[in-house]
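Take a look at the structure set out below.
The values are calculated or read from the model by the stated rules, or taken from the named source; none is laboratory data. Quick caveat: nothing in here was measured; it's all calculated off a predicted structure. Don't worry about glycine lacking a Cβ; one is built from the backbone with ideal geometry, like all the others, and counts go over all protein chains shown. SASA here: full protein model, heavy atoms, side chains in, ligands and nucleic acids out. Shrake-Rupley method; radii C 1.70, N 1.55, O 1.52, S 1.80 Å.
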Amino acid sequence: MKRWQRPVRPLPLRARPMQDESVVSFVMRLAAANDFPPSLLFRSIGDCVPGKHVLHRDAILNAPAVDRLSVLSRTPADHLRRALPGLSHTPSYVPLPVATPAVRFFSLPYPMQACRTCTLKHGPATPVAWEHRGRDEARYVCTTHRRWIKSTPQYNLTAAPEIVTAQNEYDALAMRYDQAEAASGLFQAWNITTGWLRDERHSTLMRRWRTRAEAIGAAGPASAAARFPEMIWLAPMLIHPGWRTHIIHDGPRRIERFFRRAAQVVGTDYELFPDRNGREDPLVTWALNLRSCHISRTLPLSRRASSLRGTRATPLPESRHFA
């Protein structure tokens with residue numbers, strides 16, 4: 001007789017599910033609380049093939065399996081369905097059986113690590129708990145416990161409150177535009193600050209990032225947590241329609257105002273933006289690429305290359321031009 005065919009009874013210790021937690025994460029925490037092998041606990045819930053390959057996935061349970069998990073965890077089934085989104089997931093291919101308990105694993109589309117402190121408040125925790133997040137939903141900081149949760153290990157941000165403030169500013173930015181637009185701005189700012197770090201062009205920023213990384217216990221300025229406030233300060237300028245129009249339609253000399261404003265926002269010297277040793281500043285490269293993409297989409301094919309070079313347009317050769 002298999003484990004899922006035997007009568008089930010409650011486990012001694014309880015772990016409460018977190019809102020939007022993955023089913024696998026919850027079962028792992030429940031197993032850790034009772035010092036029970038997770039693979040055996042999955043087999044007690046329903047017919048499945050668990051293993052290390054499922055640790056970063058989620059699981060679908062049919063109704064008999066949900067009832068068994070409810071008994072094991074001493075948590076009502078309705079509570080589990082409200083807290084664990086995976087339980088409402090529909091299988092993509094082979095449907096689950098109706099009568100026998102069954103568990104199927106699937107990849108989480110956009111998993112996010114949960115705050116370690118939040119996890120501990122719901123019972124004994126495994127090293128990492130996983131939550132469901134939207135595609136463009138960026139939650140890098142637990143503002144309740146002031147922890148950086150994007151990486152492992154997670155950092156205590158008490159000594160760097162500007163990182164917590166930056167998360168609140170990002171949430172406000174996402175409400176002003178939308179999640180996808182805000183995520184796009186953050187992604188572009190992430191690449192620009194990475195370029196600044198690589199080139200070590202802005203000494204003021206480098207010193208600030210090293211000091212911040214030391215304060216939170218990160219390895220160095222390469223940690224995204226150390227650069228996060230500057231990313232958030234820069235992101236609104238990169239997606240603001242007014243600034244983008246200014247860059248696209250004004251000449252290279254007239255967009256100086258944009259670079260001066262960007263230098264003021266992130267707290268660096270504007271004079272460091274021009275070419276240095278033949279390499280453009282990443283923010284300058286971003287602005288030139290924005291203009292180039294706009295020209296490529298709006299100009300006829302015969303004028304695109306010449307407009308990007310700043311020379312007079314040359315028409316395409318006509319039929320029998322080279323005859």
Flagged in segment 207-226 as open to solvent by 10 Å² or more (accessible area, probe 1.4 Å) and in a helix (DSSP H, G or I), in numbering order, are R207, R208, R210, T211, R212, E214, A215, I216, A224
Scanning segment 227-270 residue by residue, the ones that are in a loop (DSSP other than H, G, I, E, B) and either modelled with pLDDT of 90 or more or among the β-branched types (V, I, T) (or both) total 4
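For (1) open to solvent by 20 Å² or more (accessible area, probe 1.4 Å); (2) at pLDDT below 80; (3) within 26 Å of S39 (Cβ to Cβ), each residue gets a yes or a no:
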position	(1), (2), (3)
L87	yes, no, yes
P97	yes, no, yes
A129	no, yes, yes
H132	yes, yes, yes
I163	no, no, no
Kindly establish whether I45 is open to solvent by less than 50 Å² (accessible area, probe 1.4 Å), free of Cβ contacts under 8 Å to residues at least 60 places away in the same chain and under 26 Å from the mean Cα position of the chain (by Cα). no
Quickly run through segment 79-112 and pick out the residues that are out of contact with any helix residue (DSSP H, G or I) (no Cβ under 9 Å at 6 or more places or on another chain) and either within 23 Å of R14 (Cβ to Cβ) or part of a helix (DSSP H, G or I) (or both). R82
Starting from segment 78-101, take each residue that is within 16 Å of S25 (Cα to Cα) and list its partners that are in a loop (DSSP other than H, G, I, E, B) and hydroxyl-bearing (S, T, Y), counting only C-beta distances under 6 angstrom and pairs at least six apart or across chains. G86/S22
By residue number, the members of segment 187-208 that are over 18 Å from I239 (Cβ atoms) and either among the aromatic types (F, W, Y) or over 21 Å from the mean Cα position of the chain (by Cα) (or both) are W196, R198, D199, E200, R201, H202, S203, T204, L205, M206, R207, R208
In the set R16, R29, which member is in contact with a Pro (Cβ under 9 Å, 6 or more places away or on another chain), more than 15 Å from V71 (Cβ to Cβ) and of a type in the set (K, R)? R29
Quick check on my filter: what residues within segment 271-291 are within 31 Å of the chain's Cα centre (by Cα), at pLDDT below 80, of a type outside the set (A, V, I, L, M) and not in a loop (DSSP other than H, G, I, E, B)? R279
Please specify each residue of segment 42-52 satisfying the condition of being assigned to a helix (DSSP H, G or I) and either among the small types (G, A, S) or over 20 Å from E131 (Cβ atoms) (or both). R43, S44, I45, K52
Consider A180 carefully, then state whether it is among the aliphatic types (A, V, I, L, M), within 16 Å of the chain's Cα centre (by Cα), in a helix (DSSP H, G or I) and surrounded by fewer than 15 Cβ atoms within 10 Å (Cβ to Cβ). yes
Which of the residues that make up segment 1-41 are free of Cβ contacts under 8 Å to residues at least 24 places away in the same chain and part of a helix (DSSP H, G or I)? Q5, A31, P38, S39
In segment 41-51, is there at least one residue being modelled with pLDDT under 90 and aliphatic (A, V, I, L, M)? yes
